Amino acid sequence: MSEPIDFNTDRLTTERGVHEFTQLAELCELLAGRLGGWSTDGADPSSAGTMSSLAGRLTEHAEWWRNLIPESVLLLQARDEASDPARLDAVLSMLEVVPTARKAALAPVLAGLVAHLVGLLEHSVPVCDAPTQRVVRLVLADLEDQQG
């Protein structure tokens, strides 16, 4: 299992990008699944629409992240090593709350995701990392719209 990117010392190389985008895609897929389930379980009807909308957006975000991952067989090991089930389980445990507390439990998870994406944007090179910057900006705008 590899360490998270330290934006102060690590450049977004192809291999580091594979790590980053794989983890972001897996996180978005995990959150989309959880929120989609919340939107239909009937436990908190007042948040069902919000959860459904956000689940749809996160599903799309996961696809955007996956599209940034090169399909090269030379990066197969990097893709496999990037998967971090323990980190995903930690995120899920943050969401194990009573239905009326779901929005409140989700807020710090989304805030952490936004902070991470802002760091990724700030430490990427506009010319070299243009596709990454485009996706980060789109995801940030979507998350801002959902929270606003």
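Can you tell me which residue among 86, 101, 90 is closer than 18 Å to residue 34 by Cβ, out of contact with any helix residue (DSSP H, G or I) (no Cβ under 9 Å at 6 or more places or on another chain) and in contact (Cβ under 8 Å) with a residue 40 or more places away in the chain?
Numbers: 101 fails: in contact (Cβ under 8 Å) with a residue 40 or more places away in the chain; 90 fails: in contact (Cβ under 8 Å) with a residue 40 or more places away in the chain.
Only one candidate passes the filter, namely 86.
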Task: helices (runs of 4 or more DSSP H) wholly inside segment 28-102 containing at least 3 residues that are closer than 21 Å to residue 143 by Cβ - done: 48-67, 85-94
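So, residue 58, is that one surrounded by 15 or more Cβ atoms within 10 Å (Cβ to Cβ), closer than 20 Å to residue 22 by Cα, aliphatic (A, V, I, L, M) and without any contact (Cβ under 8 Å) to a residue 60 or more places away in the chain or not? Lay out the reasoning, then the answer.
Values: surrounded by 15 or more Cβ atoms within 10 Å (Cβ to Cβ): yes; closer than 20 Å to residue 22 by Cα: yes; aliphatic (A, V, I, L, M): yes; without any contact (Cβ under 8 Å) to a residue 60 or more places away in the chain: yes.
Here the answer is yes, as residue 58 does meet what is asked.
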Task: segment 118-140, residues that are surrounded by 16 or more Cβ atoms within 10 Å (Cβ to Cβ), within 15 Å of residue 28 (Cα to Cα) and touching a residue at least 60 places away in the same chain (Cβ under 8 Å) - done: 135, 139
Open item on the list: Quick check on my filter: what residues within segment 61-77 are loosely packed, with under 15 Cβ neighbours inside 10 Å and over 13 Å from residue 26 (Cβ atoms)?
Closed with: 67, 70, 71, 72, 73, 74, 76, 77
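Look through 84, 44, 80 and report the one residue that is over 21 Å from residue 119 (Cβ atoms) and either under 16 Å from the mean Cα position of the chain (by Cα) or surrounded by fewer than 15 Cβ atoms within 10 Å (Cβ to Cβ) (or both). Please lay out each step first, then the result.
Details: 84 fails: over 21 Å from residue 119 (Cβ atoms); 44 fails: either under 16 Å from the mean Cα position of the chain (by Cα) or surrounded by fewer than 15 Cβ atoms within 10 Å (Cβ to Cβ) (or both).
Selected residue: 80, the only one of 84, 44, 80 that is over 21 Å from residue 119 (Cβ atoms) and either under 16 Å from the mean Cα position of the chain (by Cα) or surrounded by fewer than 15 Cβ atoms within 10 Å (Cβ to Cβ) (or both).
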Open item on the list: So residue 60 passes all but one of these: (1) modelled with pLDDT under 95; (2) out of contact with any Leu (no Cβ under 8 Å at 6 or more places or on another chain); (3) under 24 Å from residue 12 (Cα atoms). Which condition number does it fail?
Closed with: (1)
- [ ] For residues that are small (Gly, Ala, Ser) and closer than 19 Å to residue 133 by Cα, scanning just segment 12-57, find the one that is modelled with the highest pLDDT.
- [x] 25
- [ ] Could you please let me know if residue 82 is touching an Asp or Glu at 6+ places or on another chain (Cβ under 9 Å) and among the small types (Gly, Ala, Ser)?
- [x] yes
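Would it be correct to say that residue 82 is in contact with a His (Cβ under 6 Å, 6 or more places away or on another chain) and closer than 20 Å to residue 19 by Cα? Before the answer, list the steps.
Working: in contact with a His (Cβ under 6 Å, 6 or more places away or on another chain): yes; closer than 20 Å to residue 19 by Cα: yes.
For residue 82, the condition - in contact with a His (Cβ under 6 Å, 6 or more places away or on another chain) and closer than 20 Å to residue 19 by Cα - is met.
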TODO: Identify all residues within segment 53-69 that are closer than 18 Å to residue 120 by Cα and among the basic types (Lys, Arg); write none if there are none.
DONE: 66
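The values are calculated or read from the model by the stated rules, or taken from the named source; none is laboratory data. Just so you know, these numbers come straight off a predicted model, no measurement behind them. Methodologically, a virtual Cβ is constructed for each residue, glycine included, from the backbone with ideal geometry; neighbour enumeration extends over all protein chains shown.
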